[in-house]
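Working notes for the structure below.
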Amino acid sequence: MRSAAAPINHSMTDGFGRRIEYLRISVTDRCDLRCRYCMAEKMTFLPRNEVLSLEEIAIIADRFIARGVRKIRLSGGEPLVRRDFMELARRIGRHLDGGGLDELTLTTNGTHLAEHAEALFDAGMRRINVSLDSLDPERFAFITRGGDLDKVLGGIAAAKAAGLRVKINMVALKGFNDDAFLPMLRWCANHGHDLTLIETMPLGDTGEDRTDRYLPLGEAVTQIEASHPLSPLTYRSGGPARYFSAQGMEHIRLGLITPLSNNFCAGCNRMRLTCEGKIFMCLGHEDHVDLKTAYRTGGGEAVDDALDRALIAKPLAHGFAIGPDGTYGQTRRHMNVTGG
Ligand code: SAM
Ligand code: SF4
């Protein structure tokens, strides 16, 4: 952390001059799946009183929006397993009408998407991300430790029918889905979905060594380019993905997120609010500021002061690396607490 004498800043610009316009909120650490790269089989979840209430999340989101955040993504854990989720989405979604927010989006595993797709559209969402690492039912059940692929495919179809643009997130895993990038891209092209491939990151102890599963995305690109040469696009979604157009599939975008093989921190414009109210300035650092305690002891003003501290403390870059001797910079937090 820098010294307390650093200038107080009520905008959303960090100590390196980066404007923070994007907030990801993990609304719950709970989930109905147990993806092997994300969670351990037996997880201990947070007691309910340690998780921010709907009211607290909405008020903290209001503070961020008032200071200049333009885009909010709701994530988890699995956001759609939180009972009051739709009420929260509607509440934050009202800022879209008022012009305070440009975009409200969601990252979901899709298991409960069919029930909620229309309500998500009505809350103002237009684009969502759905995680899907395999189109093979058995592989899908393996990687999620018991997930039902049909339910997720049904959810994706319902989202499309409701008018939501769906982007598929696929984590690249050596020896698991490294033969399936092209089939997934073709499936996405047939259904009109964008696809983003993600390198696995060392977050939290999952009981499995992700070094063995780590696959640099350069290998996926080589596979795809053998039949569909890629051209870089200037499009940016506000996140860390770089986008490409695949020959013959120009109606969709292929995104690559390469935290390990190609560090993307210089343009980072985001912060993460965990479900227990901590602001993590970087996915790869343990440094955080506790907004829940600030709010519960000092109300909205204390949240603003805590946010000033968070902005000043945002580091320049994450600390992950994967080398011949394993992964470095592993964080103790699981992705479900921080929000992917
Ligand atoms: N449950 C929702 C889902 O799966 O989409 C939202 C939360 S999940 C933590 C968000 C994203 O993080 C998912 O796309 C998931 O694949 C990704 N993710 C989880 N653990 C990861 C890891 N260790 N490395 C890379 N991506 C990870
Ligand atoms: Fe749950 Fe998403 Fe983590 Fe899978 S990646 S265990 S669906 S939170």
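The values are calculated or read from the model by the stated rules, or taken from the named source; none is laboratory data. No experiment lies behind these values; they were computed from the predicted model shown. Positions of Cβ are generated from backbone atoms using ideal geometry, with glycine treated the same way; all protein chains shown enter the neighbour counts. With ligands, DNA and RNA removed, areas are computed over all heavy atoms of the protein, side chains included. Shrake-Rupley method; radii C 1.70, N 1.55, O 1.52, S 1.80 Å.
So what's the net charge close to R145: Lys and Arg +1, Asp and Glu -1, counting the other residues with Cβ under 10 Å from its Cβ?
Numbers: positive: R34, R36; negative: E41.
The answer is +1.
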Worksheet item: Roughly speaking, what is the stretch gain from E50 to D212, that is 0.36 nm per residue apart minus the C-alpha to C-alpha distance, in nm to one decimal?
Response: 54.9 nm
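With 27 Å as the limit, write out which pairs from K174/K292; K167/K292; K42/K151; K71/K278 have Cα-Cα distances beyond it, or answer none.
Over 27 Å Cα-Cα: K174/K292; K167/K292.
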Item to complete: Sort 159-167, 77-85 for me by packing, meaning the mean count of neighbouring Cβ atoms within 10 Å per residue, highest on top.
Response: 77-85, 159-167
Discussion item. Keeping all protein chains in the complex and leaving out DNA, RNA and ligands, what accessible area do you get for Y37 with a 1.4 Å probe, in Å² to the nearest 10?
Written reply: 40
Worksheet, complete the sentence: Share of accessible surface on carbon and sulfur in segment 68-114, whole %, 1.4 Å probe and ligands ignored, is 43
Item to complete: Using label points projected 7 Å from each Cα along Cα→Cβ, tell me how many nm separate E219 and D32, to one decimal.
Response: 3.3
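So between L233 and K42, what do we pick up on full extension, going 0.36 nm a residue minus the alpha carbon distance?
Details: separation 191, 0.36 × 191 = 68.76 nm, distance 4.15 nm.
Gain on extension, L233 to K42, equals 64.6 nm.
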Item to complete: Compute the FRET efficiency between E87 and F142 as 1/(1 + (r/R0)^6), taking r as their Cβ-Cβ distance and R0 = 25 Å, and round to the nearest 0.05.
Response: 0.10
Worksheet item: What order do you get for 150-158, 125-133 when each peptide is scored by the mean count of other beta carbon atoms within 10 Å, highest first?
Response: 125-133, 150-158
Practice prompt. Enumerate by residue number the trypsin sites (Lys or Arg not before Pro) in segment 15-70 meeting two conditions: DSSP loop (anything except H, G, I, E, B), and at most 13 other Cβ atoms within 10 Å of the site's Cβ.
Written response: K42
